[in-house]
Amino acid sequence: MTNSGTPAGGQAPPRRRSKAVRRLVISVLVLLVLLVAADFGAAAVFEHEVSKRAQQQFDLRDHPSVRVGGFSFLAQAVSGEYDLVTIDAKGVPVKDTLRDVDVHADLRGVQAPLSELVGGSLTQVPIREVEGQVRIKAADVNRAIQGNANEVVSAITNLTIDPVSEKAVNTKPAEGEETEEDATEIADQEGTTAGVKLCGTVGIAGQDTELCVFSIVSLVDGGVDIAPKRLELRNGGSDVKLPQQIQAKVLSLFARRLDPGSLPFKVTPTAVTVEPGVLSVKGKAENLVLGR
C-alpha cells in the first residue's frame, strides 16, 4: 500500500470504481429522460400544428386528434420527413341524416422542415401519400332507413351491421334454416361492392321479432347505395313467414343512399367495406399539400 491509498499494482479500489460506474449510469439515464421529454415535447408541437391545419382542411368544428408514428420524433424531425402521421376526427355531422361520422387519414411521407417547425413559419405540409376513410355507424344507418317514414321501419331498434359474403346475400337458405355465414367467404379484398347484414328488432303482431335484411352495398359517385336482396324473420328461434308481396315492400324500405361527404383532402373514394357496426368508404391520393 502506497501513501496515496492505491494498492500495489496501481489499480483503483473497487469502491471508487463502483461509484464512478454508478455516476455514469445515472448521467446516461438523466440524458435519456431529457431526450425522451424533448422528443415528446417536440412531437406535441408538431401534432398541434398539423391538427390546426387539418381542422381547416376538413372544415371541422373541433381540432382532430393527430399522432406521429415511428420510433423517434426528433430523428424524423432532423430529416424533415415523417414516415406516418395519423389524423382522427370523431362525431363529424354530415348534412341532416349522418350525425356521427368518423374521419380517419393516414399520411405517409409528411415533409415539415425542423427550422420552419421551430420558427413557427410552417404554413404548408407536402404529403407523399394519403389514405382516407369515413366510417358510417349503425345509428346513422338506422336513422336513414327510418327516413322512409314507414310504420315498420320507424319502429326498428338495436340495428346492427355485420359483414357477410355477397354469395350469402344472394343465396336463400334451405327451408327452416338460417344463413350460414362462413367468414372465409367474406372477401378480404376491398372493392366497390360488399355484402352486409342489417338486423334489428321490430314488433310484429305484438311480439318482438328479429328482422335481418341481406343487402349489397355499392360505391356510387362517392356515396353508398344499399340494395336489399332478401330478408329473414325470426321470433323465439322460429322462422316468421310473410307473404311475398309484403316481403318485397319491406325490402324496398331498406333501399337507401348514404352520402358520407368528402373524404379527407378530397381523396377520391375507391372502395366500400363492411365491418361490425360500421360501413366504410376508403380512398387514396398522392402528392398533396396540407394547409393549401
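Values quoted throughout were computed directly from the atomic coordinates according to the rules given, and no laboratory measurement underlies them. Treat the numbers as computed from the prediction; the structure is a model and nothing was measured. Virtual Cβ from ideal backbone geometry, glycine too; neighbours counted across all protein chains shown.
At a Förster radius of 25 Å, what calculated FRET efficiency corresponds to the Cβ-Cβ distance of Q207 and T171, to the nearest 0.05?
The computed FRET efficiency comes out at 0.35.
With a Förster radius of 22 Å, plug the Cβ-Cβ distance of S121 and D62 into 1/(1 + (r/R0)^6) and report the FRET value to the nearest 0.05.
Calculated value: 0.30.
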